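Report on the following structure.
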Amino acid sequence: MYFNQRYLTHRISWAFSLISFFLFSLSFLAQAKEGDENVPIGVNEYLGKTANLDFQFLDENGDTVTVAALVDRPTIISFVYYTCPNICSPLLNGLRHAVDKVQLEPGVDFNVVTISMNEDEGPELAREKKARYMQEMERDFPAGSWWWLTGDSTNIRHITDELGFAFRRTGDDFAHPAVIMVLSGKGKIARYLYGIDFNQFDLQMAIVEASQGRVGPTIAKVLKMCFSYDPTGRKYVFNFMRVAGSAVLLFAGLFLTVLIVRTRKNKHTSR
């Protein structure tokens with residue numbers, strides 16, 4: 001009896017020491033990798049939150065508008081910058097293709113709002129961008145149902161913070177995630193859709209859910225566990241340290257479970 005208890009205590013102590021070592025190593029590697037970067041990049045999901053959208057921007061015609069005034073029905077929000085040489089154009093192409101295919105009426109069932117995160121961009125550039133994408137639409141899409149906005153840094157930060165969109169400026173470039181949000185007509189955040197290609201069924205369901213005031217889960221949360229955004233390469237990469245840390249904890253839990261079960265079995269056998 002005494003031997004079994006001491007044996008079990010020794011094994012548990014050894015297991016916890018092993019766990020501590022792995023976690024310390026992973027933490028050290030993570031800190032070395034992150035360096036001095038203090039500004040996070042990614043998405044903080046605020047599903048179900050009614051966002052404050054009362055921020056002023058200029059539309060593509062140079063008129064002052066508030067985002068709150070535009071979101072009077074389910075609305076798709078995208079954050080890009082119009083001179084982006086990388087993922088912004090593919091994201092907008094994917095969004096255009098998806099809204100082209102959804103079996104809902106633009107201007108009636110939903111609207112689209114695209115906001116530049118670059119305070120140096122103005123209405124003229126937004127107007128050029130809008131003209132290009134509206135020309136490429138395959139369906140009859142009302143021009144007044146897709147707004148292209150620009151604004152100052154203060155309003156940009158306010159709206160991105162409200163919707164959980166975290167980005168960082170690096171000179172003339174921006175590091176940012178690839179995501180769109182679907183809001184209800186009252187500003188409730190109903191869904192986040194990640195990537196640059198958007199399934200028309202997923203987008204349509206998100207719009208329908210938003211119209212009913214419902215909130216949909218984000219399947220990509222599982223993928224976010226395994227992948228993180230690389231601002232240098234502007235892509236999502238496999239997060240080895242995060243997955244390895246989870247694997248270590250899972251292995252340790254299984255090890256302790258097997259150890260306890262075997263010890264109890266030996267205890268009953270010795271009787």
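Since every read-out is calculated from the coordinates, none of them should be taken as a lab result. Remember, it's a predicted structure, so these values are computed and weren't measured experimentally. Note that each Cβ is placed from the backbone with ideal geometry, even for glycine, and that neighbours are counted across all protein chains shown.
What to note about this one:
- Net charge of Cβ neighbours under 12 Å - reference Tyr81; Lys, Arg +1; Asp, Glu -1: -3
- Total formal charge among the other residues, if their Cβ is under 9 angstrom from that of Ser184, Lys/Arg +1 and Asp/Glu -1: +3
- Cα gyration tensor category, rounded, prolate or oblate, for the range 97-217 with a/c compared to 1.5: oblate
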